[in-house]
Amino acid sequence: MMTSKQERSWFLPIFCVWLLVLGAPAAAQTTGYTKLNVKGRVQVEVPDNWTINDAEHRKRVKEFGEKLTGIQTQHTASLSVQSYPAPSRMFVRVSFIPQNPPISQAEVRQEVQANRQQVLKDLADTWKEESPVMWAGMAKNGIKEVGRASVAVEPLGGQTALVIRYGRTSSVNSSETMKVAQYHVPLGAEKALITLSYIDGDREAMAAHDRLKNSISIR
């Protein structure tokens with residue numbers, strides 16, 4: 001069984017502000033898919049004509065999100081990719097966050113098997129406690145929550161993930177809803193935080209989301 005400190009570290013940080021209102025570098029107009037390997041731990045396939053944001057852009061997004069919400073984040077994304085051309089309809093972000101104490105996948109699976117409902121309750125309670133700060137910051141820029149958040153435990157890329165899903169208005173068009181899913185995947189001394197976002201009701205974006213999600217491999 002895990003200690004309360006270990007359980008708490010599963011969920012923090014529980015959110016990342018991902019507005020993508022900053023300009024992105026140009027992308028080549030080609031076809032096909034490219035496999036991207038992030039730190040040798042997460043592999044994902046993305047269309048060749050999507051935009052892979054460079055380190056400077058990822059840093060600017062992090063700083064912009066912190067300024068917008070007043071929340072200091074613990075990480076800069078190791079990978080951020082968005083569909084092209086703009087305005088983008090699908091986004092993927094991969095970050096790695098230190099875990100102290102470390103939490104292995106074996107411990108995650110054991111805890112979920114023994115106390116699944118408690119794990120879900122703890123995740124939901126943590127989101128309920130901390131997300132109002134994020135929503136308050138986003139509301140200042142006209143972005144609102146849509147519907148209610150949900151939590152789950154699901155497989156992703158061969159591992160067990162704790163999942164938070166929520167909806168928000170698009171930063172580009174307030175009449176559209178951006179669906180966001182955060183996958184928290186403990187991997188020992190760090191966890192992978194994989195965030196997938198797409199415009200709800202956009203068939204191409206939803207299809208791209210499903211293909212991209214199914215391509216993910218985690219080790």
Residues being exposed (fewer than 15 other Cβ atoms within 10 Å of the Cβ) and of a type in the set (S, T, N, Q) - total across the stretch 109-140: 4
Which pairs have Cβ atoms under 8 Å, sit 6 or more apart or on different chains, and link a residue in the stretch 156-169 that is within 10 Å of Val185 (Cα to Cα) and surrounded by 18 or more Cβ atoms within 10 Å (Cβ to Cβ) to one that is modelled with pLDDT under 95 and of a type in the set (Phe, Trp, Tyr)? Leu162/Trp10; Leu162/Phe11
Which condition does Ala106 not pass, out of (1) out of contact with any Gly (no Cβ under 9 Å at 6 or more places or on another chain); (2) surrounded by 12 or more Cβ atoms within 10 Å (Cβ to Cβ); (3) among the aliphatic types (A, V, I, L, M), if it passes all the others? (2)
What are the pairs, 6+ residues apart or on separate chains, where a residue within the stretch 190-219 that is touching a residue at least 60 places away in the same chain (Cβ under 8 Å) and basic (Lys, Arg) has its Cβ under 6 Å from a residue that is surrounded by fewer than 20 Cβ atoms within 10 Å (Cβ to Cβ) and in a strand (DSSP E or B)? Lys191/Ile97; Lys191/Gln99
Every pair of residues 6+ apart whose Cβ atoms lie under 8 Å, when the first sits in the stretch 128-142 and is closer than 17 Å to Gln182 by Cβ while the second is in a loop (DSSP other than H, G, I, E, B) and among the charged types (D, E, K, R): Trp135/Lys144; Met138/Lys144
Return the residues of the stretch 75-107 that are farther than 30 Å from Ala207 by Cβ and in contact (Cβ under 8 Å) with a residue 24 or more places away in the chain; say none if nothing qualifies. Pro98, Gln99, Asn100, Pro101, Pro102, Ile103, Ser104, Glu107
Residue check, Ser95 at negative phi, assigned to a strand (DSSP E or B), at pLDDT 90 or above and hydroxyl-bearing (Ser, Thr, Tyr): yes
Filtered residues of the stretch 197-211 (kept if buried (at least 22 other Cβ atoms within 10 Å of the Cβ) and either farther than 24 Å from Gly167 by Cβ or among the hydrophobic types (A, V, I, L, M, F, W, C) (or both)): Ile199
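The values are calculated or read from the model by the stated rules, or taken from the named source; none is laboratory data. What you are looking at is a predicted structure, and each value in this text was computed from that prediction instead of being measured. FYI the Cβ positions are ideal-geometry reconstructions off the backbone, even for glycines, and counts take in every protein chain you see.
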